[in-house]
1. Among the residues of segment 146-184, which ones are under 21 Å from H211 (Cα atoms) and either open to solvent by 20 Å² or more (accessible area, probe 1.4 Å) or small (G, A, S) (or both)?
2. For segment 213-232: of the residues being part of a strand (DSSP E or B) and among the polar types (S, T, N, Q), which is least open to solvent (accessible area, probe 1.4 Å)?
3. For segment 40-47, check the following and say yes or no: at least one residue is exposed (fewer than 14 other Cβ atoms within 10 Å of the Cβ), assigned to a helix (DSSP H, G or I) and more than 20 Å from the chain's Cα centre (by Cα).
4. What is the residue count in segment 185-212 for residues that are open to solvent by 10 Å² or more (accessible area, probe 1.4 Å) and of a type in the set (A, V, I, L, M)?
5. On the basis of being in contact with a helix residue (DSSP H, G or I) (Cβ under 9 Å, 6 or more places away or on another chain), in a loop (DSSP other than H, G, I, E, B) and either surrounded by fewer than 20 Cβ atoms within 10 Å (Cβ to Cβ) or touching a residue at least 12 places away in the same chain (Cβ under 8 Å) (or both), does P88 make the cut?
6. Could you tell me whether any residue of segment 54-69 is open to solvent by less than 70 Å² (accessible area, probe 1.4 Å), among the basic types (K, R) and either assigned to a loop (DSSP other than H, G, I, E, B) or within 23 Å of G169 (Cα to Cα) (or both)?
7. Give all pairs with beta carbons closer than 6 Å in which a residue from segment 18-42 that is closer than 16 Å to V213 by Cβ meets a residue that is of a type outside the set (G, A, S); count only pairs at least 6 apart in sequence or on separate chains.
8. Which one is farthest from L115 (Cα to Cα) among residues in segment 136-145 that are open to solvent by less than 70 Å² (accessible area, probe 1.4 Å) and in a loop (DSSP other than H, G, I, E, B)?
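The values are calculated or read from the model by the stated rules, or taken from the named source; none is laboratory data. Everything numeric here is computed off the predicted structure, so don't read it as measured data. Here the Cβ is made from the backbone with ideal geometry for all residues, glycine too, and neighbour counts use every protein chain on show. The area values use the complete protein model at the heavy-atom level, side chains included, leaving out ligands, DNA and RNA. Shrake-Rupley method; radii C 1.70, N 1.55, O 1.52, S 1.80 Å.
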Amino acid sequence: MKPNDMKEKIKAIDWPNIALEMNQKGYAIVPKLLSDQHCKELISNYDNSNSYRKTIVMERHRFGLGEYKYFNYPLPNVVQNIRENVYPQLAKIANEWMKSLNIDTTFPDSHQEFLKLCREHNQTKSTVLILQYGAGGYNNLHQDLYGKVYFPIQAVLFLNEADEDFKGGEFVLTQQVPRAQSKAIVLKPKKGDMLIITTNFRPIRGTRGYHRVNMKHGVSEVHSGERHTLGIIFHDALS
């Protein structure tokens with residue numbers, strides 16, 4: 001697929017409906033954004049050390065059981081195209097969220113402008129990552145924040161087919177409503193799907209207007225097989 005093809009594919013997504021789902025649920029699924037060939041290429045490149053700046057063995061940090069790698073800049077073409085073309089659509093949603101919560105933050109229209117803000121705060125390292133889990137693997141509930149500057153929405157792309165390439169390994173979201181018990185959401189996107197999620201919090205309308213609810217995400221235990229995902233975080237990291 002040529003870069004312009006991915007750009008047009010992203011442009012053709014029903015973004016008003018994505019915004020509606022993000023506002024109602026804090027997540028949305030875009031089916032089959034990546035082709036099978038894209039998925040295969042990203043997985044086959046996992047052992048190419050030149051592509052990555054850092055490898056994290058999750059159990060060493062009590063993050064879970066598995067491994068992930070942060071990409072070096074420049075990113076692979078398909079990843080770069082998704083990151084820079086999805087961001088402007090999500091920035092519209094993020095800016096509405098900030099207004100709803102009376103937070104004095106406005107995200108730039110373009111991803112390059114947003115990365116300039118990151119660089120001004122010494123956040124210069126790529127946060128785009130690829131994750132690999134084998135049997136027994138899991139990821140504890142967490143939020144992907146890498147510095148003072150962060151974007152409140154991120155994307156996860158699924159590179160294997162659930163129930164065929166692996167069993168278990170569901171994607172888990174939790175929503176913590178103030179003065180109430182947390183709500184768990186369990187998802188099984190298909191190979192090539194892009195899941196858009198809340199990075200750390202989102203607005204919910206109550207009887208007295210909007211209030212903030214915190215969200216975390218993780219991965220349930222993989223029972224068998226191998227599971228790979230691509231995580232696209234729009235802010236950069238300090239390290």
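1. Within segment 146-184, the first condition is being under 21 Å from H211 (Cα atoms), and the residues that meet it are 150-154, 173-184.
Within segment 146-184, Y150, T174, Q176, V177, P178, R179, A180, Q181, S182, K183, A184 meet the criteria.
2. To start, the set of residues in segment 213-232 that are part of a strand (DSSP E or B) comprises 213-219, 222-225, 227-232.
With among the polar types (S, T, N, Q) added as a condition, the list becomes 214, 224, 229.
On the way: N214: 64, S224: 48, T229: 6 Å².
Checking each candidate, the answer is T229.
3. Taking segment 40-47 as the starting set, the residues that turn out to be exposed (fewer than 14 other Cβ atoms within 10 Å of the Cβ) are 40, 44, 47.
Next, from what is left, pick out any that are assigned to a helix (DSSP H, G or I): 40, 44.
Right, trim to more than 20 Å from the chain's Cα centre (by Cα) and you get 44.
Scanning segment 40-47 turns up at least one residue that is exposed (fewer than 14 other Cβ atoms within 10 Å of the Cβ), assigned to a helix (DSSP H, G or I) and more than 20 Å from the chain's Cα centre (by Cα).
4. Adding up the residues that qualify gives 4.
5. Numbers: in contact with a helix residue (DSSP H, G or I) (Cβ under 9 Å, 6 or more places away or on another chain): yes; in a loop (DSSP other than H, G, I, E, B): no; either surrounded by fewer than 20 Cβ atoms within 10 Å (Cβ to Cβ) or touching a residue at least 12 places away in the same chain (Cβ under 8 Å) (or both): yes.
No, not satisfied.
6. yes
7. From segment 18-42, the pairs are M22/I93; G26/T198; G26/R202; G26/M215; Y27/I197.
8. First, the residues of segment 136-145 that are open to solvent by less than 70 Å² (accessible area, probe 1.4 Å): 136-137, 139-140, 142-144.
So of that shortlist, the ones also in a loop (DSSP other than H, G, I, E, B) come out as 136-137, 143-144.
Working: G136: 36, G137: 32, Q143: 20, D144: 16 Å.
Taking the candidates together, the pick is G136.
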